[in-house]
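J.: My questions will all concern the structure given below.
The values are calculated or read from the model by the stated rules, or taken from the named source; none is laboratory data. All values reported here derive from a predicted model rather than from experimental measurement. Cβ sites come from the backbone with ideal geometry, for glycine too, and all protein chains shown count toward neighbours. For accessibility, only protein heavy atoms count, side chains too; no ligands or nucleic acids. Shrake-Rupley method; radii C 1.70, N 1.55, O 1.52, S 1.80 Å.
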Amino acid sequence: MRAQAVHARSPASTIATLIYMPTEHEPVLAAELIALLAPEPGQTAVDCTFGGGGHAQLLADRIGPTGVLVCIDRDSAAEARFAEFSAEAPCRTRFIGASYEEGLRTLRGEGFSPDMIYMDLGMSSMQVDAWERGFSYSYDAPLDMRMDTRQELTAADLVNEWPESRIAQALRRFGEERYAGGIAREIVRRRPLRTTSELVAAVKAGMPASARFGGGHPAKRTFQALRIAVNGELDALDDALPTAWEMLPAGGRLAAISFHSLEDRRVKRFLAERARGCVCPPELPVCVCGHEPEAELLTRRPVDPGAEEVAANPRSRSAHLRAAVKIAEPTGAGA
């Protein structure tokens, strides 16, 4: 179950008031993830991004009463959902209230060596549906975008305090926004920006009229870029992947579900590098590098949602799942 946001608007305010009602939470690529992780009774697992707990529930059912599931989430709202999940979970559980790279470092420091680690990257449905958190360009809300509400930096701080060049750089790097320069200029010209609707208006004004139609909402890339910048998402992923891999024993499995190309490319590259064997120049008659693969890819191509899942949950459309199994510790000169 998850908390679905139901919103009531007051004539005196355009900012939504939240009321929570329970509804079913459908985790993305759930059956595919479980098949790749292949959990067995008594095993240990780390869910790096607990969110609504959908993946955690399916995995907990399979590892059973002798299994251990550690769940990590930086969102304080997720801790309350975890408490409900843990009360009825068929396995032993633990929650770490931190970003997933911090949580993994904590577990590594304890010497924890799980059988599997998985990540469901990006925003959770609950964060998108909570209007007042400002993740969506579809609702008028304060410019927040923090996954951890204890964090100081918000999207409002970024758009109102960063120099134009830094905003443009963020839009290009994290949103692959073609019109980053014009949008950044318009954002700076309209300061201060306080709400998502004001930001959407600035984005539209900062791009050619022809670019506002087709290819999805014109503010999609800008909102993605600002959210990533506010939460340091790509740096966190770059830190988390090697930490997770180091924790796994031989036979351990690592899986990640990403929702845009910036995440997917990082996961793909990381796993491919560990699955690579000899790196000697092809003209050498024998291998002298001594480098052997430490991973076997379980997904040569990303696993994507089927048409039925996309129809039932349109937000799953951009999801990509990749996974690998650790077959050996690093070898060779670079180990």
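J.: Taking the condition of a type outside the set (S, T, N, Q), more than 15 Å from the chain's Cα centre (by Cα), open to solvent by 20 Å² or more (accessible area, probe 1.4 Å) and modelled with pLDDT of 95 or more, does VAL288 pass? Step through it out loud before you land on a result.
T.: Numbers: of a type outside the set (S, T, N, Q): yes; more than 15 Å from the chain's Cα centre (by Cα): yes; open to solvent by 20 Å² or more (accessible area, probe 1.4 Å): yes; modelled with pLDDT of 95 or more: no.
No; evaluated as a whole, the condition is false for this residue.
J.: Filter segment 88-111 down to residues that are open to solvent by 20 Å² or more (accessible area, probe 1.4 Å) and in a helix (DSSP H, G or I) and give me whichever is nearest to ARG133 (Cα to Cα).
T.: Looking at residues that are open to solvent by 20 Å² or more (accessible area, probe 1.4 Å) and in a helix (DSSP H, G or I), I get TYR100.
J.: Only one of these is at pLDDT below 95 and within 30 Å of THR243 (Cα to Cα): THR154, THR149. Name it.
T.: Numbers: THR154 fails: at pLDDT below 95.
Going through THR154, THR149 in turn, the sole match is THR149.
J.: Within segment 47-87, can you find the residues that are more than 16 Å from ILE34 (Cα to Cα), buried (at least 18 other Cβ atoms within 10 Å of the Cβ), small (Gly, Ala, Ser) and more than 18 Å from the chain's Cα centre (by Cα)?
T.: The one that is more than 16 Å from ILE34 (Cα to Cα), buried (at least 18 other Cβ atoms within 10 Å of the Cβ), small (Gly, Ala, Ser) and more than 18 Å from the chain's Cα centre (by Cα): SER86.
J.: Across segment 28-87, what is the total count of residues that are under 30 Å from MET145 (Cβ atoms) and part of a helix (DSSP H, G or I)?
T.: Residues that pass the stated criteria total 20.
J.: Another question, if that's okay. Can you confirm whether THR44 is open to solvent by 10 Å² or more (accessible area, probe 1.4 Å) and touching a residue at least 24 places away in the same chain (Cβ under 8 Å)?
T.: Judged against the criteria, THR44 is a match.
J.: A further question follows. May I ask you to list the residues in segment 194-251 that are more than 23 Å from the chain's Cα centre (by Cα), among the hydroxyl-bearing types (Ser, Thr, Tyr) and open to solvent by less than 60 Å² (accessible area, probe 1.4 Å)?
T.: THR195, SER197
J.: Every residue in segment 312-326 that is aliphatic (A, V, I, L, M) and modelled with pLDDT of 95 or more, please.
T.: Of everything in segment 312-326, those that are aliphatic (A, V, I, L, M) and modelled with pLDDT of 95 or more turn out to be ALA319, LEU321, ALA323, ALA324, VAL325.
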